[in-house]
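Readers should treat all values here as calculations from the given coordinates under stated rules, not as data from a laboratory. In this text, all values refer to a predicted model and were calculated from it rather than measured experimentally. Cβ sites come from the backbone with ideal geometry, for glycine too, and all protein chains shown count toward neighbours.
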Amino acid sequence: MRLRIGAFQFAHVLVIWLWHFCALLAPGVAFAQGRPSHDEAQNRLQNETEGQSANEPEEKSQPQERTLKITPGALPPVVYPKTALRVGVLDAVLSGVGATMAVAASVAGPKSDGPHGSGTPFDEAIRDALLPNTFDMQLLFRDTSDALLGAAISYVFIGDALIHATWLRKSPDVGIQMALIDAEVTLLTLGLSQLTAHAVGRERPYGRECGAELDEDSAHCTWNDRYLSFFSTHTSLSFSMAAVTCAHHHALGLSGRRPWIPCVVGFTAAAVTAFSRIMADQHYMTDVMTGAAVGTLVGFAVPAVHYGIGRLRPRGAHSSNSVVVLPTFGGVTVRGVW
Amino acid sequence: MQHLRLRIVLAQALLVFALLGGSQRASAQGLETMPGAGFQSPLGSPPGARWSTGRDRWFLAGRIDAGFLFLRPRVSAGYGRPHFDWIGLDFVPTVAFSAAGGYAGGRMEGRFVEIRTGLLYQYSFNRSFLPEAPSYDLVDLDVLDGPRASYFLWDSELDLYFPIEPLRIRYQIQPVVADGIPEDHYLYFDNLRVISGRGLTLRQRAGIEFFWPGTTIGIAPEVELVWLDARSAVVFRAGGTVRWLLSDEFEVRTSFLPVFVSPDQLGRASSDVLEFALRWRWATE
């Protein structure tokens, strides 16, 4: 019987776990202290409408007991902006397209005659510099990237949309809109990455070890997954989750005056995920760079359409989709507003 | 003299019964022991309000654990108060990227005890039986050498809860007996995350749960020991679980139990690490 996990490895995983758990709790803990609760915010709103100034000193000026309470309504409610576009049919279609692309690519299987053997000189230089010496360490980084991606996606759906918006702020409408936007971002990113990876068919860096360091009969070598190097789904999803979280917090004011905190935490975690994929010998540098770019683009673009374009429209106007088809010289112009 | 001994035994039994009965408020699920219960949850009934109350009845109930990337449904049919105090049958289908199968068995859930026993069948898409070896790593696990692993497990579990407010001590024991494993071969048990063989595989877990003051967040440091009879080896894990009760219907769970002692080196395949799951419960009225 041997001790199979070193202190370093244990600490490594523990830090990641604690980091994400703190990130999950951060909104509630940070804002439940010293900020008006849901009920207090409602009372204050009512007082203001009854003519009392919100700036008047409160009658009970005694120091309030500061106890940490994390219960529904511990944070002030948030409202989905009237000028912002709500998730609709077009979003459902785009989400469906993303899901279909991912499934169709998986069913069709990867291109078998894609680039094999090695990456570009730039890729090989980065690989040589970062790749751990032992296979055990590579496995550790692979597990780390899996865990980080799982935590990132869980945070977006469970931490932010469900716990933060719906439960802590008692704003289920905002929570639902956030979750639907998150789902659209996830499916679009997944569809793009899977379609590209299967179409390109680039062999993963570890592929060169099949028949040498790795058993040719192992699942690593026999499965189609071996040829899905370009581009990194882990990285693209991690960056898209970071971007969409950042966009939600900016647009909805979920982090008060510090909307940069979830952005910094999210993108840092995404960057660690990306480098973990290289250190796990699952991807080349160009794979993760492309994944990061695509993920960030999709992660900002979808919420930008909902929050940004809607904001340009007249305040109070109802959100609706419209598509105009105009004949022009040399063809047809399609103009859409959503 | 014999009567005296009998009386002492009876008195002790009554004392234990009274102690347990006296803390009936602390249900087996721990929902009533935690502070903060009673708030209005936007996600359903407040924790401790729905399942613990109501009448005994015939019911159909379900539980789904969803996360990235898994979906673990459980359908139950029985009599009593669902998810709280009942007796009946469990059905758990398994459909994953790596395996398919299912579990069916009986279950009794009470205030301080939860017991189940049943048969589990699993067909693995990407794993074979493993030729006997003193140690394995993740690559060994993924080598397809022979037919896909297909096996039956007789899987039982006993959970005991000792509510000592504000704590809740939990002890869990799960004996598993495998059938269908070829001679001189072992098997990766997905449900226990260990490589074991014919005969008994015994998992025990003990933990103490407490709720963070002012919250419905339950934290439980835990230790787990798995005895692999076929290999005469032990797997030891330690860490904890965290659950956040959002309502009686919704709960967020995560666990972190890395392996400290094991004959194998399987990475995350042998650990219980960082799975965030959203649990949803429902039942017919």
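First measure r as the distance between the Cβ atoms of B:Leu200 and A:Lys82, then evaluate 1/(1 + (r/R0)^6) with R0 = 60 Å and state the FRET efficiency to the nearest 0.05.
Values: r = 64 Å, r/R0 = 1.06.
Once the sixth-power term is evaluated, E becomes 0.40.
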CD proxy at 222 nm, helix term only [per DSSP H run n ≥ 4: -39500 (n - 2.57); per residue of chain B; nearest 500]: -3000 deg cm²/dmol
Formal net charge of residues neighbouring B:Pro134 (Cβ-Cβ distance under 10 Å; K, R +1; D, E -1): -1
A:Ala104-B:Ile87 pseudo-label distance in nm [points 7 Å out on the Cα-to-Cβ vector]: 5.6 nm
Most positive-pole-ward Cα, B:Val143, B:Leu228, B:Leu89, against dipole of region B:28-283 from beta carbon charges: B:Leu89
Largest-first ellipsoid semi-axes for region B:28-283, taking √(5λ) over the Cα gyration tensor eigenvalues, angstrom: 33, 20, 16
For region A:83-130, with +1 on Lys and Arg beta carbons and -1 on Asp and Glu, the positive-most of A:Gly117, A:Met101, A:Leu90 along the dipole: A:Leu90
Part-to-part distance (alpha-carbon centres) for region B:206-227 and region A:184-237, which is given in Å: 38 Å
Neighbour-count ranking [beta-carbon atoms within 10 angstrom, fewest first] of B:Glu132, B:Glu157: B:Glu132, B:Glu157
Only Lys, Arg (+1) and Asp, Glu (-1) charged, at Cβ; chain B dipole about Cα centre in debye: 960 debye
Protection proxy ranking, peptides A:235-242, A:275-282, A:91-98, average beta carbon neighbours within 10 Å, highest first: A:235-242, A:275-282, A:91-98
Simple spin-label estimate for B:Ser150 and A:Val89 in nanometres, 7 Å along Cα-Cβ: 4.8 nm
Positive dipole terminus of region A:80-337, leading residue within A:Met285, A:Trp167, A:Leu195 (C-beta point charges): A:Trp167
Charged-residue dipole, Cβ positions (Lys, Arg, Asp, Glu), region B:63-163 about Cα centre, Debye nearest 20: 500 debye
Shielding by partners - mean other protein chain Cβ count within 10 Å, residues of A:216-228: 3
Helix B:2-22 vs. chain B, principal-axis angle (Cα, 0 to 90°, nearest 10): 90 degrees
Sequence of A:Thr100, B:Thr216 once ranked by neighbouring C-beta atoms within 10 Å, starting from the fewest: A:Thr100, B:Thr216
